[in-house]
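Single-structure report; data block below.
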Amino acid sequence: MSNHFSYRSALSTSIRGILARTVKKSKPKSEIPGSQNANITDTRYQIIKRILYETPKTELPKMTEQDLERHETIDRAWKLFLRNQQEERENELAAKYRKLNEANLELEKLGPRLFNSAQIGNKIMMFPRQMKIPTETPPLNGWNYDYKPLSSDPTKNSKPLPSDPIKDSEPLPSNPIKDSEPLPSDPNKVSS
Amino acid sequence: MFLQKLRYRIFKQNKISFFSSISQKSQSDILNLLKSDKNEVHEGYRIVAGIVLSRTPIILRDPHPFEREYYLYQQRLEHIHAPPFPVDFYFKKGSVAEKKWREKKEREKAEALLAFGSRKTKNKTSFEKIDEEETIDSSDVSSDEEEIKIANRITSADLINDVKSLDRALQRTLYLIVKKPRETHSWQFPQGGVEKTETLVQAANRELEEECGNCMDVWFVGRRPIGYYKYDYPKCFVKENIEYKGAKVFFMAAHIFAGQVKVDNKEIIDFAWVTKQEMKNYVHTEYYEAVKDMLSEH
């Protein structure tokens, strides 16, 4: 462990301090933000301070007994509504899972080849870029009916028998994501 | 260790075989000769891969009336109890934006008073504009700003109820069903036999391309089947093909992002994109009962 204060400079501490103070350029007080002598016309900091420290606290709404009863009923109804929605969603998912499970159990009975090929997954799960979440309004051009597959030439028989559609479906032709790229070099490694 | 062995085994299966290097025509000839041998069969049932091709919702759901009312109520409470808006913080004194803001506030004040007066006003106040269809107010748009175009949530396909259109029912999930050239059980999900050299997904992909054309951007969700349906062939059919007494269908999930179905007029003669509820009107009740649990309500 090196001691940072073990070296000695040519100049003494006091002389270095004097030098530093003469070289340093000090701002006029009016330019230092937040100081009391700051530019009077620059009200931005005053506005910010007012908003931060002087906004009235939001108090709880003052409700009469009737108001409160009404508010609580609305609150209970809302919670019930949400609960029902959640239950519906859960039931739908449970039904889907039951079907999935049943299908895979039946597939197992058919033998190892089909079952095993169905159970393997990709090491890195990727989803296509075209899979978009719903928005408020649809796209202006509507549905794209004019999709053409990449290799539309039927005479070229270079493609082998139908290969795994999951591996082959690249998100978009322009930006193929490579998952075989080398990871960034280990920082602990000594660079050659 | 087992996983490595498994992967190697599957890799070997998928290797380009000698068979595929032969020309297309002689391939099909050989295939026709080996027709009985190429299909996967188990206990007399033909193994079939079905495809549940879905077009997921494109727009958010319409809010439930209670939701709408509740959000209005909460917004009103917030407005009443909120601290005053710091205009001088957001708008520079004397700027154009500040002027516009003050004008807008004046208008809203006037409208708010009207709303409390009579409920039958045609012009909705800012309070009630939350979840409705957005239309640009002409007074808001200045001459130098570009007008933002927004598409309608209810499309023309909705109005004419075109079942072949993929622009219909944008809030719902649409499923592809195809019509086979027979009288009973004609509408169903596209399906086809699995061959002995391929996996379920590969079979599903191939069958979809054969039956519905390749002009669709389709993505299969993983390799696992999502549903299973076993059925026996009708007795008249069984007499011809003694080897099969029925079929076991394994449904594979897939999504469509672009394109449209092209009927081949050999195996299928018609198609439709329907919601889960509408499917009842097309598909046989027995089939619907077996299949409905795989599908989404929304």
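Some notes on this structure:
- Distance between the modelled labels on residue B:221 and residue B:103, one decimal in nanometres: 5.0 nm (7 Å Cα→Cβ projection).
- Packing rank of B:76-88, B:173-185, where each peptide gets the mean count of other beta carbons within 10 Å, highest leading: B:173-185, B:76-88
- For segment B:202-298, the square roots a ≥ b ≥ c of the C-alpha gyration tensor eigenvalues yield an a/c of 1.5 or more together with a/b exceeding b/c, which makes the shape prolate.
- Computed from the C-beta positions of residue A:105 and residue A:136, the FRET efficiency with R₀ = 51 Å rounds to 0.75.
- Residue B:232-residue B:146 FRET efficiency (beta carbon distance; Förster radius 60 Å; 0.05 resolution): 0.40
- Computed from label points 7 Å out along Cα-Cβ, the spacing between residue A:15 and residue B:182 is 10.6 nm.
- For the peptide A:106-118, the mean number of other protein chain Cβ atoms found within 10 angstrom of a residue's Cβ is 6.
- Residue B:243-residue B:159 FRET efficiency (beta carbon distance; Förster radius 51 Å; 0.05 resolution): 0.55
- Pairwise label distance in nanometres, residue A:43 with residue A:83, each label 7 Å out on the Cα-Cβ vector: 5.3 nm
- Once the mean of 1/r is taken over each pair of separate Cα atoms and inverted, segment B:36-103 shows a Kirkwood hydrodynamic radius of 19.3 Å.
- Backbone amide hydrogens, once placed in the peptide plane, bring residue B:187 within less than 5 Å of B:180, B:284, excluding anything fewer than 5 places away on its chain.
- Extended-chain gain in nm, criterion 0.36 nm per residue less alpha-carbon gap, residue B:75 and residue B:269: 64.5 nm
We did not get these values from a lab; they are worked out from the coordinates using the rules stated. Just so it is clear, the structure is predicted and the values come from calculations on it, not from any experiment. So basically every Cβ, Gly included, is an ideal-geometry build from the backbone, and we count neighbours across all protein chains shown.
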